[in-house]
Amino acid sequence: MAVSFKEIEKKFEQTFGFIESDLKRILALKVGGNYAVALLVACACGTLAEYKHGKGQGEKVFRKLLPDGPYRKAAKPLYDALRNGFAHRYNGYDIPFDGQTLRITIAWKKGKHLLVRKIDAVPHLILNVRQLCEALFLEFEKYRRALKKNAESRKSFLDRYDKKIDAVQDTKQICALKTIVGKAETDPPVDEQEAPWMAGFGKLADLSSENRRVAEMIEDEFERLELGDSA
């Protein structure tokens with residue numbers, strides 16, 4: 001029997017609704033949280049790609065966040081520098097190519113998206129997190145609509161959502177987990193109700209007026225945050 005959209009809707013909303021809600025909360029901060037947003041956007045591309053294309057293909061979703069032309073053609077190195085850089089050292093990796101280097105700069109609000117400027121003779125590509133989020137949320141909505149229309153896609157989504165990791169085999173780890181579980185307390189049942197974040201899912205708020213200017217801007221066009229998020 002084919003899986004209906006209603007059967008997977010809550011799981012879809014819990015997956016991508018949480019991501020969208022968390023990103024919107026960070027974007028609403030009064031000070032920059034641009035590095036956190038950059039990392040979550042990169043991870044979200046991997047999550048969406050896992051459902052649509054399979055494991056390890058986050059650049060396929062990231063490509064959709066970029067305009068046609070050279071940006072999409074260079075999506076893989078750009079994505080790798082963004083995702084792996086922020087996941088492993090909380091800063092983007094430089095991209096070496098043909099004897100040159102391209103550096104990624106993460107802008108919070110004022111930086112012009114995809115502008116390239118040379119700083120100390122090094123080209124910097126600006127990625128504005130608000131522009132990236134708008135494009136990402138649109139991809140979430142496109143996937144939602146596709147699931148409504150395609151039964152095979154719904155089954156694939158459900159299979160991936162219900163996938164489990166391998167059972168623990170190490171004796172010491174099993175013993176430790178038993179100890180942890182043995183300390184479990186019993187909570188009273190919680191009435192099921194719509195989670196607050198679900199009410200706003202798919203409705204991108206006006207991001208242009210949510211935040212103040214980030215401190216430490218280079219000249220008048222964008223921020224270059226060397227050591228992480230601005231204070």
> Of all residues in the range 74-101, which are loosely packed, with under 12 Cβ neighbours inside 10 Å and in contact with a helix residue (DSSP H, G or I) (Cβ under 9 Å, 6 or more places away or on another chain)?
Replying inline: F97
> Is it the case that some residue within the range 52-74 is in contact with a strand residue (DSSP E or B) (Cβ under 8 Å, 6 or more places away or on another chain) and small (G, A, S)?
Replying inline: no
> Could you give every pair whose Cβ atoms fall below 7 Å, whose first residue belongs to the range 140-158 and is over 12 Å from S4 (Cα atoms), and whose second residue is acidic (D, E) and assigned to a helix (DSSP H, G or I), counting only separations of at least 6 or pairs across chains?
Replying inline: F140/E20
>> Would you confirm whether or not the range 186-197 contains a residue that is surrounded by 10 or more Cβ atoms within 10 Å (Cβ to Cβ) and at pLDDT below 90?
In response: yes
> Among the listed residues N128, N211, which satisfies the condition of being at pLDDT 95 or above, within 26 Å of I19 (Cα to Cα) and surrounded by 13 or more Cβ atoms within 10 Å (Cβ to Cβ)?
Replying inline: N128
>> It is to be established whether one or more residues within the range 1-13 are closer than 22 Å to Y143 by Cβ, hydroxyl-bearing (S, T, Y), touching a residue at least 40 places away in the same chain (Cβ under 8 Å) and in a loop (DSSP other than H, G, I, E, B).
In response: yes
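Residues checked against (1) part of a helix (DSSP H, G or I); (2) in contact with a strand residue (DSSP E or B) (Cβ under 8 Å, 6 or more places away or on another chain):
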position: L78; (1), (2): yes, yes
position: H88; (1), (2): yes, no
position: L136; (1), (2): yes, no
position: K148; (1), (2): yes, no
position: R154; (1), (2): yes, no
position: D159; (1), (2): yes, no
position: C175; (1), (2): yes, no
position: P188; (1), (2): no, no
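The values are calculated or read from the model by the stated rules, or taken from the named source; none is laboratory data. Note that the structure is predicted; figures quoted are calculated from it, not measured. Virtual Cβ from ideal backbone geometry, glycine too; neighbours counted across all protein chains shown.
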